[in-house]
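For reference, the structure discussed in these notes is given below.
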Amino acid sequence: MLGTHTSRIVGRFISFEGTEGGGKSTQIALLADRLRAAGHVVRLLREPGGTPLGEEIRHTLKHSPAGRGMSSEAELLLMNASRSQLVREVIRPSLAAGEVVLCDRFADSTIAYQGFGRQMGWQTVKPIIDFAVDGTWPDLTLLLSLPVEISELRRRQRAAQASTAPQDRFEGLDREFFCRVEQGFAEIAKSSPSRIKTVDATQSVEAVADQIWSLCKQLLNPPRS
């Protein structure tokens, strides 16, 4: 493992989760810079996407006019089709090469957004996720927690600043949906406390980055036995 007395290098998989407007993109970039400065090879990914096939699916899910009438079931399956390809084409080879994989969203988002937000139920979405990832889960998940009111404000500000960008089908959903998503993330964090670490995303960018770095150092440099 990285940072131990052995010479064998094993990659690490870190995902970032949370509702819209939590600052995931900013924090992933800051963490990547710190990891590279510390000598790690970093692979940056996003979900849905991360592969040529996944990026096509991402466009269909988020921006394509053809996706406007998409059923919740089709949404769930497309999310996991993209994820299955990402795991096999990129994540596993990167981990085998000793890289640190940073992913903007992963399977927990599907539980929160489709399981809770779309009200499909944890018991419905979890078997499909398990089939898609086939045991490949993050070593550490950083949940950037943000109250729904602040999320709404940040989404409105972002939309005003990028008025010419393609409309995101998810960001336009109502408050009730995002309240359910917020509840979903809270339930997921309770279910996996050793993997999922909650970070208060209302703090300053610097404070959030420092807390994330502290958590990642614990993963990459565990105490010697």
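The values are calculated or read from the model by the stated rules, or taken from the named source; none is laboratory data. Note that this is a predicted model, so its numbers are computed, not measured. All Cβ positions, even for glycine, are placed from backbone atoms using ideal geometry, and neighbour counts span all protein chains on display. SASA here: full protein model, heavy atoms, side chains in, ligands and nucleic acids out. Shrake-Rupley method; radii C 1.70, N 1.55, O 1.52, S 1.80 Å.
Across segment 85-148, C-alpha contacts under 8 Å between residues 6 or more apart give a mean separation that, scaled by the residue count, equals a relative contact order of 24 percent. Tell me the angle of helix 122-133 to the major Cα principal axis of the chain, expressed in degrees between 0 and 90 and rounded to the nearest ten. Tilt of helix 122-133: around 50 degrees. Solvent exposure of segment 43-90 amounts to 48 Å² per residue of accessible area, where only protein heavy atoms count and the probe is 1.4 Å. For Lys126, a cut-off of 25 angstrom between C-alpha atoms picks up these lysines, skipping any fewer than 8 places away in its own chain: Lys24, Lys62, Lys190, Lys197.
How big is the shadow of the Cα convex hull of segment 1-126, averaged over all directions, in nm²?
Here the figure is 8.7 nm², rounded to one decimal.
In segment 80-123, one over the average inverse separation of all distinct C-alpha pairs is 11.7 Å, which is the Kirkwood hydrodynamic radius. Every helix of 4 or more DSSP H residues in the chain counts as -39500 (n - 2.57), and over all residues that averages to -15000 deg cm²/dmol at 222 nm. Axis of helix 205-220 versus longest Cα principal axis of the chain: the two differ by about 50°, to the nearest ten degrees. Working ranking of peptides 198-208, 62-72, 87-97 by packing, defined as the average number of other Cβ atoms within 10 Å per residue, highest first, is 87-97, 198-208, 62-72.
When the P(r) is computed for the chain, the part past 27 Å accounts for 31% of the Cα-Cα pairs.
Given C-alpha coordinates of segment 179-225, what is the ratio Rg to Rh with the Kirkwood estimate of Rh?
1.06
For segment 86-100, putting each phi into the Karplus relation 6.51 cos²θ - 1.76 cosθ + 1.60 with θ = phi - 60° gives couplings of 4, 4, 7, 7, 10, 5, 4, x, 5, 5, 5, 8, x, 7, 9 Hz, in residue order, rounded to whole numbers and with x for Gly and Pro. FRET efficiency for the pair Glu171 and Leu44, taken as 1/(1 + (r/R0)^6) with r the Cβ-Cβ distance and R0 = 22 Å, rounds to 0.55. Approximating the spin labels as points 7 Å out from Cα along Cα→Cβ, the Trp122-to-Ser64 distance works out to 3.2 nm.
Packing, as the average of other Cβ atoms within 10 Å across residues, places the peptides 212-220, 170-178 in the order 212-220, 170-178, highest first.
When only Cα pairs under 8 Å and 6 or more residues apart are kept, what is the percent relative contact order across the chain?
Relative contact order of the chain: 32 percent.
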